[in-house]
Amino acid sequence: MNLAKISANGQITVPREIRKLLDLKEGDKILFMKRENGEIIIGNAALYAIQEAQKAFEGVAEALGNPSEDEIQSWVDEVRYGRSEKA
C-alpha cells in the first residue's frame, strides 16, 4: 500500500513505485476513474487512450478486407487532401 498526502492546493505526489508501475513521467496526465462500487482507480491517461482506440478499431481491418498499407495511406490522403495520391 502506498500513501500520498494532499497539499493545501489539492496536489499530491504520486509515490515512485506507482509512477514506475504506471510508466508515468514528468508531464504525463493521470486518469481517475470511478467504479460502480465507488472505488477510484488511477491510470496513465495516454496508455488508457491507446487501449480504448485499439478496442474501437478491433475487427475493422477484417471488415475492410485486410487492406494493404498503401491502400490505407491512400484513404488517409483522400480524407486529408481530397485525393487518393500524395502530392
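In Å², and per residue, what accessible area does the chain have when probed at 1.4 Å with the other protein chains present?
Per residue, the chain has an accessible area of 91 Å².
Using only the alpha carbon atoms of the chain, find the Kirkwood hydrodynamic radius as the inverse mean reciprocal pair distance, in angstroms to one decimal.
16.9 Å
Remind me, relative contact order of the chain in percent, using alpha carbon pairs under 8 angstrom and six or more residues apart?
13 percent
Rounded to the nearest percent, how much of the accessible area of the chain (1.4 Å probe, protein heavy atoms only) is carbon and sulfur?
Carbon and sulfur atoms account for 52 percent of the accessible area of the chain.
Provide the per-residue ³J(HN,Hα) series for the stretch 52-64, in order, calculated from phi with Karplus coefficients 6.51, -1.76, 1.60 and θ = phi - 60°, each as a whole number of Hz, with x at glycine and proline positions.
Result, rounded to whole Hz: 5, 5, 4, 4, 5, 8, 4, x, 5, 4, 5, 5, 8.
The values are calculated or read from the model by the stated rules, or taken from the named source; none is laboratory data. Quantities reported herein were computed from a predicted structural model and do not represent experimental measurements. Protein only, heavy atoms only, side chains kept; ligands, DNA and RNA dropped before computing areas. Shrake-Rupley method; radii C 1.70, N 1.55, O 1.52, S 1.80 Å.
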